[in-house]
Amino acid sequence: MHCRILRFLVLSILFFPYICEAASQSRLVSYRIFQCEMNASLFADERLTAPLSALFLEIDNRCGYADKPVIGITSNHRAAESLTCIADPYVEAVRRAGGAPLLLPVCPDTAALERLVDRIDGLLLTGGGDFSEAVMGNALSPLADATDAVRDCTEFALLRLALRRQLPVFGICRGHQLLNLALGGTLYQDLPSEYPTEVLLHSQENDKRRPSHEVDLDETSRLARLLGKKRLAVNSLHHQAVCQTAPSLRAVAFSPDGVNEAVESPCYPVYGVQWHPEQLLAGGDDTMLPLFTYLVDEARLYRKARDFHREHLTLDSHCDTPMFFPEKIDIGCRDARLKVDLSKMEDGGLDAVCMVAYIPQGARDEAGLAAAGEKTGSILSELQAQLARWCGRVRQVRTPDDVMAAKRAGEKAVFMGIENGYAIGRDISRIRHYKEMGVVYMTLCHNGDNDICDSAKGAGEHDGLSAFGREVVREMNRVGMMVDLAHASEKSFYDVLACSTVPVVSTHSSCRALCDHPRNLTDDQIRALAARGGVVQICLYEYFLARGKEPSVDDIVAHIDYVVQLVGVDYVGIGSDFDGGGGIPGCEAADELINITKTLLRRGYTPEMLEKIWGGNFLRVMREVQSAVTI
């Protein structure tokens, strides 16, 4: 037994090198076979048929598609056949207009729909059957035909999601009615039986690619400008129609019997027509193409703006949302009372905001000053508590590096500020206390003189900055807190510039040359601010933007343009004053700030310029102020 074991060991030692070499060769052969398999192309084009080869060659050589915005097209639903489909003319109309058509499924899964809406650039609401009890409720007419609750719920959800994100929307026939219903209007559910007078035959029997009657367009409307006509020949394939126009829409076209044929929003790229322009276009009527070209052009602009917001930091330097804390609001929940909450920031692509503890100017006796200080601490503590409650979705930030880290992490960011130096009373040590809490700036005054300085709406008590105010400015410089000159009088403004050793900001003011208001800055003030490296953040309060008319987003951009032309793009930004009076039609809340970006892009502003306006300039000043700390 021992001899056999000894013989085996000897033979093993003698043949071991040969065994290893054989195993190595085996592994090498296996590796080479594996490598050949891995190097083999997924494609075998040499084995394709000639038609397939020609098709794939065209696809492989395709270029220029990147500029095509994706237009989501809602689908018809044949529940009995388990079929989701759409008529070809819709797809062809979008393609001819320069868009990439994408058929959206009928699907009541809101989370899935939200993902889809985040990936399209425009929405086309198509025609189809009547609305169901799911949206009409007990008011559903017995004459309603071809209703589909699943489609209704899908399309109303898609529309809501699209409008919250500022996507352009075009509604056709049923889509026109859907727009009106979703925004608070009403419908005739059966024209022949409900309309107060006799109506035309709105369900034509002839070829739907041919017109059946004419409509008159409001010559001041966007549709009239797009189509270049005041009267238009259209087709008609409906028995329901718009009754009362939604409050945010404008009726802009009517048939001879007075039936509403088109609506549009005065402020947003949202519009609808009762006729079927895609069918007329398929029949050779190119008059209808601009209706689709406008949708595609607006979608292209929206995509550029959305991409900018995804890739670059965007910051609003002033909002008064904490002023609503007594009403038990929660910034993490969507709230119709608020212009800024986390949901609106997410919808609008706004990354960061400065939320302030606003302290109204009150009595300057011992009791009044104590109450102001107590209120300031209470507001800041509640804000911190709410931010902590929504940890992972938002964070408090204190520095430019903090806010960039939040952006990279996919979280919203909130800087804390104080509006009105009344908050410190006459106690200079409170400045350092608030700085340690995370306050990055303090507005020296509000609407009334205080112990620090004179207000733009005050009585000129100190003839500018008081002796105590000079101490305040020096202490803010020392601890690295930005000085905010919004609300300061002109004399206070210049006194602060003379006193401060670092750049200062005006977090929510506009240009007096464009709108004569004492809260706005004169050309000389803007030049002086820029000369010191400071920045003026354009305010969206209507009375600071225009006089004698309702302001628009164009007016906001006009103020930005004015500063850029006067001193350059390095000295201007955006401070909405939302929840403190700011907000105008077209830019009412945080979810609509992207409309400023769209307008700036339309005017030729580059991403580099936008980056400075949307927070880069403000953070440059913050960094310089915080770098000069001498504590």
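The values are calculated or read from the model by the stated rules, or taken from the named source; none is laboratory data. Source: prediction; values computed, not measured. Backbone-built Cβ (ideal geometry, glycine too); neighbour counts: all protein chains shown. The area values use the complete protein model at the heavy-atom level, side chains included, leaving out ligands, DNA and RNA. Shrake-Rupley method; radii C 1.70, N 1.55, O 1.52, S 1.80 Å.
A few remarks follow.
- Applying the criterion of at least 1 residues that are among the charged types (D, E, K, R) and without any contact (Cβ under 8 Å) to a residue 24 or more places away in the chain to the strands (runs of 3 or more DSSP E) found wholly in region 160-238 leaves 231-234.
- Residue 428 at pLDDT 95 or above and crowded, with 20+ Cβ neighbours inside 10 Å: no
- For region 442-473, a tally of residues being in contact with a helix residue (DSSP H, G or I) (Cβ under 8 Å, 6 or more places away or on another chain) and part of a strand (DSSP E or B) returns 6.
- Residue under evaluation residue 145, criteria (1) of a type outside the set (A, V, I, L, M); (2) surrounded by fewer than 17 Cβ atoms within 10 Å (Cβ to Cβ); (3) without any contact (Cβ under 8 Å) to a residue 24 or more places away in the chain, criterion not met: (3)
- Filter result for residue 130 (open to solvent by less than 30 Å² (accessible area, probe 1.4 Å), among the charged types (D, E, K, R) and not in a strand (DSSP E or B)): yes
- Residues of region 340-378 satisfying the condition of being open to solvent by less than 30 Å² (accessible area, probe 1.4 Å) and among the basic types (Lys, Arg): 344
- Residue in region 584-596 that is open to solvent by 30 Å² or more (accessible area, probe 1.4 Å) and out of contact with any helix residue (DSSP H, G or I) (no Cβ under 7 Å at 6 or more places or on another chain) present: yes
- For region 188-216, the candidate set comprises residues that are open to solvent by 20 Å² or more (accessible area, probe 1.4 Å) and of a type in the set (A, V, I, L, M, F, W, C); within that set, the residue that is farthest from residue 93 (Cα to Cα) is 199.
- Residue within region 402-409 that is farther than 22 Å from residue 580 by Cβ, in contact with an Asp or Glu (Cβ under 8 Å, 6 or more places away or on another chain), hydrophobic (A, V, I, L, M, F, W, C) and open to solvent by less than 20 Å² (accessible area, probe 1.4 Å) present: yes
- Test result for residue 500, closer than 26 Å to residue 418 by Cα and touching a Leu at 6+ places or on another chain (Cβ under 9 Å): no
- Looking only at residues in region 447-459 that are under 22 Å from residue 528 (Cα atoms) and at pLDDT 95 or above, the one that is surrounded by the fewest Cβ atoms within 10 Å (Cβ to Cβ) is 456.
- Qualifying residue in region 70-88 (condition: surrounded by 10 or more Cβ atoms within 10 Å (Cβ to Cβ), among the β-branched types (Val, Ile, Thr), touching a His at 6+ places or on another chain (Cβ under 7 Å) and at pLDDT 85 or above): yes
- Residues in region 239-259 that are open to solvent by less than 10 Å² (accessible area, probe 1.4 Å) and not in a loop (DSSP other than H, G, I, E, B): 241, 242, 252, 253.
- Looking across region 95-126, just one residue is out of contact with any Gly (no Cβ under 9 Å at 6 or more places or on another chain), among the hydrophobic types (A, V, I, L, M, F, W, C) and closer than 18 Å to residue 290 by Cβ, and that is 97.
- Pair list, Cβ < 9 Å and 6+ apart or interchain, from region 552-573 residues that are within 19 Å of residue 622 (Cβ to Cβ) to residues that are open to solvent by less than 10 Å² (accessible area, probe 1.4 Å) and of a type in the set (Phe, Trp, Tyr): 573/614; 573/618
- Residue within region 289-310 that is without any contact (Cβ under 8 Å) to a residue 40 or more places away in the chain and either farther than 29 Å from residue 72 by Cβ or within 15 Å of the chain's Cα centre (by Cα) (or both) present: yes
- For residue 390: the one exception among (1) closer than 13 Å to residue 438 by Cα; (2) open to solvent by 30 Å² or more (accessible area, probe 1.4 Å); (3) of a type in the set (Phe, Trp, Tyr): (1)
- Considering region 311-325, the residues that are hydrophobic (A, V, I, L, M, F, W, C) and more than 18 Å from the chain's Cα centre (by Cα) include one that is farthest from residue 223 (Cα to Cα), namely 325.
- Residues in region 260-303 that are in a helix (DSSP H, G or I), of a type in the set (Asp, Glu) and more than 30 Å from residue 593 (Cβ to Cβ) were compared, and the one that is most open to solvent (accessible area, probe 1.4 Å) is 286.
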